[in-house]
Amino acid sequence: MLRLADTVAITMHIRPDGDSIGTALALREALIRMGKTVYVFSEDIDIVFQNNFATMNGFSKICHASSIQLGASSIFFTHNTPYTEVELPGFDLLVVVDAGEVNRLGDSAKLIEASKRVIVFDHHLNPSMQCDLLVNNPNRASCGEMLYEFFAAHNIEITKSMGEAIYTAVSSDTGCFLFPNTTWYTHHVASELMKLDIDVASINYKNFRAYDPQSLQGFMRVLNEIQFLYGGKVTVTYLSHALIQKYQFDHEERHRFQKYATDAKGVKVSIFVQEKEKGEFNISLRSVGNINVAEIAAKFGGGGHRNASGMSAKGNYKAIIADLLAAVEEVI
Ligand SMILES: [Mn+2]
């Protein structure tokens, strides 16, 4: 299906992470090297344009999903810049990476109608999206691993820049090889990619360690408010819209709060709530060991992995947290 397509769109889940962006950009480069015209789309482009990913090849060509206008010719925008004009529906093929549900695509879902065929390339459990071809391996910790495996099986050369993107994907979804989803295969892929002489120390520093010293005051504010419940087995961390605005926390910094809340000894489940706007929240759940937070997120219309999942919620904060804690209480 890939070989037959001349024009390919690639997209990923909302609030994209290193796995989705790295996988999309490595695939983009491979397809361009095969002579295809390729566009990568993302909702939440601001997250994409944070510095962590700025060095990846093709990064500046990622288009706003909001610039897709069906039934007309569309001008796709990269980060604030008009990029190119395309007649829609205009793609032979859409490849959705790192997402298996239509509601995880945001505005990118319009690409389904704009494309003749759809491939879903995902490592989440039980993707439900309608497609012409499903490539799914929930035993792989990242889509980056799946893409490496695909390239290796088809003798597709991995350039240094593709290697950097795949390595970013692999290290992102394993929390820098610390999460329990890390397998021998994860290390195998990382080891093979390191033969391309990529600067893994710099990639991991940017993704997992670097922070803006001006954010420290804000870190202290948020960390101070981590609540330990159920004898320290559950944490709830709340990040208000006002705090996000005041300290301009980026995506990675926000995730670091959850890391602290999860890494405290004795914690089994951590709940991290970000207020998007009044009455609208993004909630991410992390668990330790066998506790399955994907099942909990699914009860509230979300999804994800056993130890890392997420959901959106609207309404009264206290009521939402009470419902969520009731579900968490059953499994701890
Ligand atoms: Mn992933």
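Values as computed for the structure displayed
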quantity	calculated
So Phe179, is it surrounded by fewer than 21 Cβ atoms within 10 Å (Cβ to Cβ), among the hydrophobic types (A, V, I, L, M, F, W, C) and under 24 Å from Gln248 (Cα atoms)	no
Met162 vs. criteria touching a residue at least 60 places away in the same chain (Cβ under 8 Å), away from the ligand (no atom under 12 Å from the Cβ) and more than 17 Å from Asn204 (Cβ to Cβ)	yes
Helices (runs of 4 or more DSSP H) within the stretch 170-281 that include 2 or more residues free of Cβ contacts under 8 Å to residues at least 24 places away in the same chain and of a type in the set (A, V, I, L, M, F, W, C)	184-194, 216-223
Residue match in the stretch 211-219 (condition: closer than 22 Å to Met56 by Cα, within 16 Å of the ligand (Cβ to nearest atom) and touching a Phe, Trp or Tyr at 6+ places or on another chain (Cβ under 8 Å))	no
Residues within the stretch 116-133 that are more than 12 Å from the ligand (Cβ to nearest atom) and closer than 15 Å to Leu27 by Cβ, tallied	4
Filter result for Asn207 (buried (at least 18 other Cβ atoms within 10 Å of the Cβ), at pLDDT below 95, under 23 Å from Gly100 (Cβ atoms) and not hydrophobic (A, V, I, L, M, F, W, C))	no
In the stretch 1-12, residue nearest to the ligand (Cβ to nearest atom) [restricted to those that are crowded, with 24+ Cβ neighbours inside 10 Å and within 15 Å of Met146 (Cβ to Cβ)]	Met12
Unmet requirement for Glu149, which otherwise passes all of (1) in contact with a strand residue (DSSP E or B) (Cβ under 7 Å, 6 or more places away or on another chain); (2) within 16 Å of the ligand (Cβ to nearest atom); (3) assigned to a helix (DSSP H, G or I)	(1)
Qualifying residue in the stretch 169-190 (condition: aliphatic (A, V, I, L, M) and within 13 Å of the ligand (Cβ to nearest atom))	yes
Exclusive hit being charged (D, E, K, R), at pLDDT below 90, surrounded by 14 or more Cβ atoms within 10 Å (Cβ to Cβ) and touching a strand residue (DSSP E or B) at 6+ places or on another chain (Cβ under 7 Å), set Arg286, Arg254	Arg254
Number of the exception - Ala65 against (1) at pLDDT 90 or above; (2) buried (at least 20 other Cβ atoms within 10 Å of the Cβ); (3) in contact with an Asp or Glu (Cβ under 8 Å, 6 or more places away or on another chain)	(1)
Qualifying residue in the stretch 20-42 (condition: surrounded by fewer than 22 Cβ atoms within 10 Å (Cβ to Cβ) and within 16 Å of the ligand (Cβ to nearest atom))	no
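The rows are residues; the columns are (1) of a type in the set (Ser, Thr, Tyr); (2) outside the structural domain of Arg33 (by TED's automatic domain parsing); (3) surrounded by 15 or more Cβ atoms within 10 Å (Cβ to Cβ).
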position	(1), (2), (3)
Leu94	no, no, yes
Val97	no, no, yes
Ala109	no, no, yes
Asn126	no, no, no
Met146	no, no, yes
Glu157	no, no, no
Glu164	no, no, yes
Ser171	yes, no, yes
Met194	no, no, no
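The values are calculated or read from the model by the stated rules, or taken from the named source; none is laboratory data. Just so you know, these numbers come straight off a predicted model, no measurement behind them. Heads up, the Cβs are rebuilt from the backbone with ideal geometry, glycines too, and the neighbour counts pull from every protein chain shown.
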